[in-house]
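Okay, structure first, notes after.
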Amino acid sequence: MAKSRDNFLSRFWRSIFRGPVYPGTDKERKWPPFENLILHLHPRTVPAQTLKFTLTWGLGGMSVVLVLLLVLTGILLLFVYTPSPDKAYDSILTLQNDILFGQLIRNIHHWSGNILLIVAFLHLLRVFFTGAFYGIRQFNWIIGLLLFVCVLISNFTGYLLPWDQLAFWAITICTSMFEYIPGIGVWLQRMIRGGSEIGHPTLLIFFTVHTTVIPVCLVMLMPFHFWRIRKAGGVVIPDSPAEENDDKPTLVPTIPNLVIREIVVALVLIAFILVYSIGFNAPLEARANPGLSPNPTKAPWYFLGVQEMLVHFHPFFAVFIIPGIIAGALILLPYLKYDSTVSGVWFYSERGRRMGIAAAATSLIITPIGIIADEFIIDFVSWLPGISPPIVNGLIPVALLLAAVIGFYILMKNKYNASNNETIQALFILLVVSFVILTITGIWFRGEGMSLMWPWKI
């Protein structure tokens with residue numbers, strides 16, 4: 001009996017910590033503890049070219065690490081938080097003041113959510129700029145967009161939960177935008193709020209979406225996303241639009257070549273978030289007061305680009321038409337007609353890089369000039385009296401904007417004798433940089449009454 005028990009313990013120890021021997025040999029596997037789990041997520045071998053860090057910057061893996069951090073810290077926060085307007089704010093104070101490491105846990109959760117939004121956005125940009133959305137990868141771009149929307153909704157719904165002035169009025173501004181959507185706007189606003197005003201039903205809806213609906217969506221979409229990446233052959237292999245290489249890529253074992261790199265990136269990211277969370281606390285203002293609106297009242301930072309557009313365009317166009325056009329373009333992006341399907345090359349070509357720099361420079365000059373001109377010079381209402389606001393502040397400026405975008409596309413294509421890939425990429429850069437400038441303007445250059453101000457005067 002003792003010998004049988006020893007054999008059992010020996011086999012158990014070997015299977016968990018040392019691993020089984022290969023058939024017909026005495027050689028043991030070096031990575032037995034989690035090898036099977038890892039090889040369910042990764043192929044057994046990967047092309048050596050894909051291990052280059054600058055090909056992906058580890059952004060996909062960072063997103064996974066941040067999601068795990070959010071799940072772990074979120075579970076801990078649930079032990080203290082109470083989703084009720086009369087108790088939510090006090091539960092945050094209790095967490096910060098009376099719970100050991102409570103403030104640190106909240107900081108990690110808050111900053112991880114914000115950093116995840118940035119990392120996911122950069123990951124989408126990386127996929128686009130390396131051409132990793134052609135052919136079999138087309139639908140995975142759509143899944144990536146859905147994951148980004150989930151991250152956006154997660155941050156948005158979590159923003160209200162502290163129930164302080166910052167959160168209450170930011171959500172008030174955001175949900176007020178929905179009423180400008182024709183037909184279903186008011187109904188959609190009431191459904192999100194759980195009524196006509198923000199109150200207890202709103203907090204319960206946001207809490208449920210944040211802690212249940214979004215995690216379930218992520219659990220379903222993330223494995224599907226990873227599976228499609230693996231079925232497509234993993235990370236795109238760099239190739240050249242000018243040359244064809246018939247040689248098969250050199251394959252290296254996933255363990256340890258890829259896994260070690262992923263672990264290092266994860267540890268560096270976790271260390272950064274920990275240090276940042278120690279140095280900077282998550283914001284918490286006074287208890288929410290529905291009768292006292294701050295000035296200025298701003299949306300969460302990731303929606304300030306849209307709020308900035310409200311300053312320049314009629315709400316119907318700023319909230320519905322322009323975002324709708326951009327969303328439709330992003331969905332159709334992989335299915336447009338391209339001259340080539342070169343993947344893995346940053347900015348497609350040397351000419352594509354030059355066009356990208358030109359597009360970014362154009363946006364950096366034109367967008368601030370447009371913001372300042374609209375603030376102090378342009379006044380279509382005075383120039384065109386008697387015309388309805390949706391036309392004078394909406395249709396006319398949006399039509400001029402679309403004409404400028406189309407003109408930029410034609411100019412770039414003709415000037416550089418560029419392919420569709422390169423021209424679409426330049427247009428994409430122009431729009432992305434413009435939206436980033438609008439967001440920065442809303443964050444740091446808008447003061448009382450949403451008027452332009454220098455940051456040090458706000």
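Based on a Kirkwood Rh over C-alpha pairs, give the Stokes-Einstein translational diffusion coefficient of segment 202-360 at 25 °C and viscosity 0.890 mPa s in µm²/s.
On the way: Rh = 22.0 Å.
Using the Kirkwood radius from Cα pairs, D works out to 112 µm²/s.
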Quiz item: By how many degrees, 0 to 90 and rounded to 10, does the Cα axis of helix 254-279 deviate from the longest principal axis of the chain?
Solution: 50 degrees
Practice problem: Could you pull out every residue, at least 5 positions away or on a different chain, whose amide H is within less than 5 Å of the one on Thr45? Hs are placed 1.01 Å off N in the peptide plane, and Pro or chain starts have none. | Solution: Thr254
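What number, in percent, do you get for the relative contact order of the chain if the mean sequence gap of Cα pairs under 8 Å and at least 6 apart is divided by its residue count?
Values: 495 pairs, mean separation 91.5, N = 458.
RCO, the chain: 20 percent.
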Quiz prompt | Nonlocal amide H pairs with Ser343, under 5 Å, H built at 1.01 Å | solution = Asp239
Quiz item: With +1 on each Lys and Arg Cβ and -1 on each Asp and Glu Cβ, how big is the dipole of the chain about its Cα centre, in debye rounded to the nearest 20?
Solution: 1460 debye
Practice problem: Once you have a ≥ b ≥ c as the square roots of the Cα gyration tensor eigenvalues for segment 304-364, tell me rounded if a/c is under 1.5, and otherwise prolate or oblate according to whether a/b is larger than b/c. | Solution: oblate
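Viscosity 1.567 mPa s, temperature 4 °C: what is the translational diffusion coefficient of segment 302-458 from Stokes-Einstein with a Kirkwood Rh over Cα pairs, rounded to a whole number of µm²/s? If you can, show how the numbers build up before the last one.
Values: Rh = 17.1 Å.
Answer from the Stokes-Einstein relation: 76 µm²/s.
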Quiz prompt | Relative exposure of Ser349, Ser112, Ser451, judged by other C-beta atoms within 10 Å (fewest first) | solution = Ser451, Ser349, Ser112
Practice problem: Work out Dmax and Rg for segment 398-456 from the C-alpha atoms and quote the Rg first, both in angstrom. | Solution: 15.6, 47
Self-check item: ³J(HN,Hα), Karplus 6.51/-1.76/1.60, whole Hz, each residue of segment 215-221, x for Gly, Pro
Solution: x, 5, 4, 5, 4, 7, 7
Self-check item: Between helix 350-376 and the chain: long-axis angle, C-alpha atoms, 0 to 90°, nearest 10
Solution: 40 degrees
Exercise. Past 31 Å, Cα to Cα, is the threshold; run Lys337/Lys415; Lys52/Lys337; Lys87/Lys298 against it and keep the listed order.
Key: none
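Can you work out the FRET efficiency for the pair Ala373 and Leu93, with r the C-beta to C-beta distance and R0 = 35 Å, to the nearest 0.05?
0.15
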Quiz item: Scattering from the C-alpha atoms of segment 37-163 alone, worked out with Debye: what is log10 I(q)/I(0) at q = 0.10, 0.19, 0.20 1/Å?
Solution: -0.44, -1.08, -1.15
Practice problem: With everything on Cα atoms, drop me the angle between helix 102-129 and the longest principal axis of the chain, reported from 0 to 90° to the nearest 10. | Solution: 80 degrees
Practice problem: Would you compute, from DSSP H runs of 4+ residues alone, the mean residue ellipticity of the chain at 222 nm, taking -39500 (n - 2.57) per run and dividing by the full residue count, rounded to the nearest 500? | Solution: -20000 deg cm²/dmol
Quiz item: Let a ≥ b ≥ c be the square roots of the eigenvalues of the Cα gyration tensor of the chain; is it rounded (a/c under 1.5), or, if not, prolate (a/b larger than b/c) or oblate?
Solution: oblate
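Each reported figure results from applying straightforward, stated rules to the coordinates on display, with no laboratory input. Keep in mind that this is a model prediction, so the values were computed, not measured. Cβ coordinates were reconstructed from backbone atoms using ideal geometry, including for glycine residues, and neighbour counts include every protein chain displayed.
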